[in-house]
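The values are calculated or read from the model by the stated rules, or taken from the named source; none is laboratory data. These numbers were taken from a predicted model, which means no experiment stands behind them. All Cβ positions, glycine included, derive from the backbone under ideal geometry; neighbour counts span all protein chains shown. In case anyone asks, the SASA skips ligands and DNA or RNA and just uses the protein heavy atoms, side chains included. Shrake-Rupley method; radii C 1.70, N 1.55, O 1.52, S 1.80 Å.
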Amino acid sequence: MILTGLKPILNSIKMKKIYSIILGCVAGFALVSCSDDSYTSKYDDPSKTKVVSCDKVLTGVFKAGNTWLNPIYYRYYVQSTTSGMFSQVIGSTNSRGRYMGAGTGYYNTRWQDFYDMLSQYRLLEKTYNELDPGNQELNKLYLIIGRSVMQQQLSEMLSLFGSLPYSQASTLWYTGDYAGSKPAYDKDTDLYKTILDDLKDANNYLQTGNIKSSTIAQLAIQDFVNKGDLTLWRKYINSLRLRVALHLASNGELAATAQAAIQEMLTDPDTYPMVDNNNEMTTVSPDNDKLNFQDEINRAIENSSYNRASGAMMRALNVSADGSYENADPRLPVLYDPNPDDKYIGLDPSERLSDQDANTSYIYQGSTAKYYAALDTATFTRNSGLPGLWMSAAEVSFGKAEAYAMGWAGSVNATKAKEAFIEGMIQSTDFYYQLNSTGTYRKAISKPSDAVIRAYAESQWDESNMQKCIITQKWVNFGMYNELEAWNCVRCTGYPELQFKRDLTSVDTPIVPNRLKYASDEVNYNTANYNAATNNGSTDTWSAKLFWMKDTWYTEIAGE
C-alpha cells in the first residue's frame, strides 16, 4: 500500500490515531529484525528522543533500510528465491512453481519496507527544511548522505518493478491528507536521471561544501557505516553512481546519458574518486556479534536449499563437469565446500527434477550426505566476522573494466580494460580469503600467492569478448552477497549465458520473469494511480521488459 510508507493496517485506523502514533515515533516504523536491539543499544533511536534532529533521523534512515542493505535473513530468503535463482548465482531445483519465487506476499513486504524507509527520509527532509538557513548549512551533510543511501534502495526497487511512486510518496504521516497521499507513479527513466544527478551533486557537496568540523563530529557518532569519514562517503557515492549508470549504459533510452556520466567520472578521478581498494570498501561491521549477521545468514542458509552451488557458478569458476577442480578459480575453496567425494557439483537447470531430488540427499558410505557443493561454512554461515557489504572494490574495478571495454570512457581501451579486470580479480580473491580468515569455525585457508592469482586472472581475459569475461567475473564476485546486482548484470548484458527450462505446471510464471509484478497493496489501495501507470494492469506482467534490459538475456532449453 502506498499510503506513503505506512503498513496496510493504517487504512483502518482513525486519523487521530495515526497522528498520535506517527508524530510521536515516525522513526520506529520499519525493520522487523533480530538486529533491532543491537542498533538501538549503539545509536540514539529517534523514536525515543524528545527533539528530532537531522543527525539522529539519518540513523533512522539507515536502520529502516537495514533488512535490504545488509545480510539479513529475510533479504537472503527473498532474494535467493528470486534474483538468486533468476541469476543462477545459487542452485535451485526444477520444482513446480519455481519462477514465482518466494511469492507475492513477500514482494508486498519488500514494497512496504521500501516506503517505510522513504518515510524516514521524508522525516529527514522535513526536519531539514524547517531549519533556519544557518542551521540548514550545518545539517545539509546529513540530508545528502541520507538521500544517497535512500537512492541506493530506490535504484533496487526500479530494477525490480520499474516505474513507481516516489516524488509524491510518504507524506500522509505529516499532511494528514489521506486522499492526497495516494501518489502518482514517476517514470523509471525520470527517477534514474534524478539518481544520477543527485549522486553527482552529493559528490560535489562533499568536495566543496565547507562542512563544519562540529557537523562531521556529530556524524561520526551516528554513522555506523563510514564512522563519519567523508572521503569514504564520497567514494561510496561515486561508486554507486557508476553502478547505476552501468545498469543503463548498454540498452534503452538512457544509454547515452549513462555513458556520459561514466565518462565524466572515469576521465576525472580526482573529482570523482571511487572505492579503489579493499581498505575503502563500504561495509557495516558485525561488531562482535552485536549486529549478528552470522546468525541471520546461518538461519537463512544452514538448514535450507539456498546454499547450493549452481552449475553456472561452477562453470564460471572453471570446475570440470565431473566436479574436479585442478585448474579452478583460486576463490573456489573459500566460496564453496565440496561434497564428501571432494567434488564440486553444481545444481543445474538442465537436470531432471527427479535426479536433482535424488542427488540432493544421496547416500555416501552408508549415510545421507550432500551431493551438491554448498556455500563455504567457515566463510559465510558460521562466520561471526561476516560484514554487511554495500560496495566492494572489486565491483568498482569490474565496472571500470566494462566501461573501458565498451568505449564508455571515451573510446575502447582494451589495455585499461584488462588492467581493471585483473585488479578486480585480485581484489575479489583477496576479499573472500580475508573473509574466510575472520571465521573461527575451522582453520582459515591460506591464500595463494599474488603471482598465482594474477596468472589465473590473466588466463580468464578474453579480448575477443571483453564484456563477457568482465561481467562473468563481476557476477561471480556478487555471488550470495548481492544476488539482485548479479541478476541486473545478466539482464543488462546476457552474461553469463544462462539456460532455463519452462515450468509446464505454471500458468502465471512458466519461465523466468523479467521483473516482479507490483505489490498487491498498490492494486488495492492506490488503485487509480496503479491503473493509470499500467493501462489498467495490462502492462503489469512478469514478462514485461524494463527499458534497460537486453531483449533476450537467457536461453530456454527443452525438457521437463
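Computed from backbone phi with θ = phi - 60° and the Karplus coefficients 6.51, -1.76 and 1.60, the 3J(HN,Hα) list for the stretch 68-81 is 9, 9, 10, x, 9, 3, 4, 4, 5, 5, 5, 5, 5, 7 Hz; x is used for glycine and proline.
Taking amide H atoms as placed 1.01 Å from N in the peptide plane, the amide H of LEU389 lies under 5 Å from those of VAL284, each 5 or more residues away in sequence or on another chain.
Counting charges near GLU556 (Lys, Arg +1; Asp, Glu -1) among other residues having Cβ under 9 Å from its Cβ returns a value of +2.
With 0.36 nm allotted per residue and the present C-alpha distance subtracted, the ASN277-ALA558 stretch has 96.8 nm of extension available.
Of the labelled figures (i) 83, 50, 46; (ii) 68, 52, 46; (iii) 80, 56, 52, only one reflects Cα extents along the principal axes in Å as derived from the coordinates, namely (ii).
Here the stretch 385-519 is treated with +1 on each Lys and Arg Cβ and -1 on each Asp and Glu Cβ, and its dipole about the Cα centre works out to around 260 debye. Across the stretch 198-205, computed HN-Hα scalar couplings (Karplus, 6.51 cos²θ - 1.76 cosθ + 1.60, θ = phi - 60°) run 5, 5, 5, 4, 4, 4, 4, 5 Hz from first to last residue, x flagging Gly and Pro.
Ranked by the mean number of other Cβ atoms within 10 Å of their residues, highest first, the peptides 90-99, 456-465, 201-210 fall in the order 90-99, 201-210, 456-465.
Annotation: extensible slack from SER538 through ARG442 equals 29.2 nm (criterion: 0.36 nm per residue apart, minus Cα-Cα distance). With all protein chains present, how much of the accessible area of the chain (probe radius 1.4 Å) comes from carbon and sulfur, to the nearest whole percent? Ligands and nucleic acids excluded, carbon and sulfur reach 47 percent. Put simply, the amide H of SER310, placed in the peptide plane, has neighbours under 5 Å in GLY91, LEU347, leaving out anything fewer than 5 places away on its chain. Under 18 Å Cα-Cα from LYS550, which aspartates and glutamates qualify once same-chain neighbours fewer than 8 residues away are excluded? The qualifying aspartates and glutamates are GLU156, ASP188, GLU253, GLU402, GLU485, GLU497. Annotation: per residue accessible area for the chain equals 38 Å², rounded to a whole number [probe 1.4 Å, protein chains only]. Computed from Cα positions, the angle between helix 15-25 and the longest principal axis of the chain comes to roughly 70 degrees. Sequence-ordered 3J(HN,Hα) estimates for the stretch 324-341 from the Karplus curve with 6.51, -1.76 and 1.60 and θ = phi - 60° stand at 7, 9, 4, 10, 7, 4, x, 6, 3, x, 9, 8, 9, 8, x, 7, x, 8 Hz, glycine and proline given as x.
If r is the Cβ-Cβ distance from SER464 to GLU497 and R0 is 22 Å, what FRET efficiency results, to the nearest 0.05?
0.90
Residues of the stretch 309-346 with an amide N closer than 16 Å to a point placed 7 Å from the Cα of ALA455 along the Cα-to-Cβ direction: 326-331. In terms of accessible area, using a 1.4 Å probe and ignoring ligands and nucleic acids, ASP348, ASP190 rank largest first as ASP190, ASP348.
Would you mind checking the tilt of helix 414-437 against the longest principal axis of the Cα atoms of the chain, expressed as 0 to 90 degrees and rounded to 10? With rounding to tens, the tilt is 90 degrees.
Pairs LYS187/LYS517; LYS474/LYS517; LYS56/LYS193: which are spaced more than 18 Å apart, C-alpha to C-alpha? Correct reply: LYS474/LYS517; LYS56/LYS193. At the residue level, PHE478 shows approximately 10 square angstrom of accessible surface with a 1.4 angstrom probe and all protein chains present. What's the angle, to the nearest 10 degrees (0 to 90), between helix 133-161's Cα axis and the longest principal axis of the chain? On a 0 to 90 degree scale, this one is about 40. When all protein chains stay in place and ligands, DNA and RNA are ignored, the 1.4 Å accessible-area order of TRP487, TRP542, largest first, is TRP542, TRP487.
In this simple spin-label approximation, GLN434 and SER384 carry label points 7 Å from Cα along the Cα→Cβ vector, and these lie 2.1 nm apart.
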